[in-house]
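**Student:** Mind looking over this structure? Questions follow.
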Amino acid sequence: MIVSYHHVLILAGLLFLTGMFCLVTRRNLIMMVLGLEIMLNASAVAFVGAALQWRHLDGQAMAIFIIAVAAAEVSIGLGLIVWIYRRTGTVDAGCIETDACRID
Amino acid sequence: MTIYSILFYVLAAVILASTVMAVSRRNMVHAVIYLVFSFFGSALLFYLFGAPLLAALEVIIYAGAIMILFLFIVMMLRMEGIEERLFPLRQWLPAMGVCFVYGLVLVLLITADTTGTAPMTAAAVDPSTFGQFLFQRHWLAIEIVSMLLLIALVGVLRLGKDAGKKPEREGEVRS
């Protein structure tokens, strides 16, 4: 007997919350993509837990697709970050549009 | 309280602690290393939930390929110029608002759900069974995902080709 599915959902929700907090508060583009990765991983944890709860393999299939989408997303995101860095010389989301890099 | 539930709580504590440490690091190399620990914990959690193939894929793709890609980019770009305040004051209010609404929805959803209170019984699925299920029932989705990966490859190649060119307005380049 493992724990109830509620605890799995709480764990996945807290992981998702951490990733979202990282995405909203950090200004470094690489850290923002890292937050997206955390959020995708949290949803995969929830799906695998659901697959065990309802004894259905569809949840694990969804988790495999989430991993594939995360791989595609991170390659495109990091390619864009390198492109932005070459064009503007910064990876700070606050300094791409404006000239002055304000630090508050 | 069986050995499985103790394992689950230990793994959950490790995953949450390493993720919070990763999010709050200023040095991005440390953040990536903490996140590798978090993904190893997730892989063990998948194994506990009876998905050995997904556990292997999590270690290979997430902790292996994706995090190494992050480490590569972090070391390739020069970051000395960035004096980032870790959590800027202007971003606290939207972050707190988003987190509050999200936490409220999470609590409401979990209390409204009555089917998930019983403990789950342990089960495991063979990688071969899972692979046959995947290719019999979801073959179209597999094809779509492979097309997505191909499109991502082509897009990154195109971006990389463009990045070699100088920007048109030389005055806008900051060093």
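The values are calculated or read from the model by the stated rules, or taken from the named source; none is laboratory data. This is a predicted model, so every value here is computed, not measured. Positions of Cβ are generated from backbone atoms using ideal geometry, with glycine treated the same way; all protein chains shown enter the neighbour counts.
**Student:** I'm checking my understanding of the structure. Among residues of segment B:63-110 that are at pLDDT 85 or above and not hydrophobic (A, V, I, L, M, F, W, C), which one is farthest from the chain's Cα centre (by Cα)?
**Tutor:** Among those that are at pLDDT 85 or above and not hydrophobic (A, V, I, L, M, F, W, C), it is B:Gly97.
**Student:** Here is a further query. Scanning segment A:56-90 for residues that are more than 7 Å from chain B (Cβ to nearest Cβ) and closer than 13 Å to B:Gly50 by Cβ, which turns out surrounded by the fewest Cβ atoms within 10 Å (Cβ to Cβ)?
**Tutor:** If we take residues in segment A:56-90 being more than 7 Å from chain B (Cβ to nearest Cβ) and closer than 13 Å to B:Gly50 by Cβ, then A:His56 is surrounded by the fewest Cβ atoms within 10 Å (Cβ to Cβ).
**Student:** Conditions first: (1) in a helix (DSSP H, G or I); (2) without any contact (Cβ under 8 Å) to a residue 12 or more places away in the chain; (3) among the charged types (D, E, K, R). A:Glu37 passes all but one, so which condition is the exception?
**Tutor:** Answer for A:Glu37: the failing condition is (2).
**Student:** Continuing with this model, one more query. Condition first: facing chain B (nearest Cβ under 7 Å), outside any helix (DSSP H, G or I) and under 25 Å from B:Leu45 (Cβ atoms). Can you find one or more residues in segment A:3-21 that meet it?
**Tutor:** The answer is yes, given that some residue of segment A:3-21 is facing chain B (nearest Cβ under 7 Å), outside any helix (DSSP H, G or I) and under 25 Å from B:Leu45 (Cβ atoms).
**Student:** Also, I was wondering about something else. Can you find a residue in segment B:102-117 that is without any contact (Cβ under 8 Å) to a residue 24 or more places away in the chain, touching a Gly at 6+ places or on another chain (Cβ under 6 Å) and under 19 Å from A:Ala50 (Cβ atoms)?
**Tutor:** Checking segment B:102-117: at least one residue is without any contact (Cβ under 8 Å) to a residue 24 or more places away in the chain, touching a Gly at 6+ places or on another chain (Cβ under 6 Å) and under 19 Å from A:Ala50 (Cβ atoms).
**Student:** Do we have any residue at all in segment B:49-70 that's more than 10 Å from every other protein chain (Cβ to nearest Cβ), more than 29 Å from B:Ala123 (Cβ to Cβ) and surrounded by fewer than 16 Cβ atoms within 10 Å (Cβ to Cβ)?
**Tutor:** Looking through segment B:49-70, at least one residue is more than 10 Å from every other protein chain (Cβ to nearest Cβ), more than 29 Å from B:Ala123 (Cβ to Cβ) and surrounded by fewer than 16 Cβ atoms within 10 Å (Cβ to Cβ).
**Student:** Same structure, new question: Kindly indicate whether B:Pro52 is touching a residue at least 24 places away in the same chain (Cβ under 8 Å) and outside the structural domain of B:Val156 (by TED's automatic domain parsing).
**Tutor:** yes
**Student:** Another question, then. In segment B:162-173, is there at least one residue being in a loop (DSSP other than H, G, I, E, B), outside the structural domain of B:Ser5 (by TED's automatic domain parsing) and at pLDDT 85 or above?
**Tutor:** No, segment B:162-173 contains no residue that is in a loop (DSSP other than H, G, I, E, B), outside the structural domain of B:Ser5 (by TED's automatic domain parsing) and at pLDDT 85 or above.
**Student:** Shifting gears a bit: For the subset of segment B:100-139 comprising residues that are more than 7 Å from chain A (Cβ to nearest Cβ) and in contact with a Phe, Trp or Tyr (Cβ under 9 Å, 6 or more places away or on another chain), which member is surrounded by the fewest Cβ atoms within 10 Å (Cβ to Cβ)?
**Tutor:** Only one residue fits best here, namely B:Thr115.
**Student:** Check A:Ile10, A:Ile38 and return the single one that is surrounded by fewer than 18 Cβ atoms within 10 Å (Cβ to Cβ) and in contact with a helix residue (DSSP H, G or I) (Cβ under 7 Å, 6 or more places away or on another chain). Spell out the reasoning first.
**Tutor:** On the way: A:Ile38 fails: surrounded by fewer than 18 Cβ atoms within 10 Å (Cβ to Cβ).
Result: A:Ile10 is the single residue among A:Ile10, A:Ile38 that is surrounded by fewer than 18 Cβ atoms within 10 Å (Cβ to Cβ) and in contact with a helix residue (DSSP H, G or I) (Cβ under 7 Å, 6 or more places away or on another chain).
**Student:** State which residue is nearest to the other protein chains (Cβ to nearest Cβ) when the search covers only segment A:41-55 and only residues that are farther than 17 Å from B:Ala55 by Cα and surrounded by fewer than 20 Cβ atoms within 10 Å (Cβ to Cβ).
**Tutor:** A:Arg55
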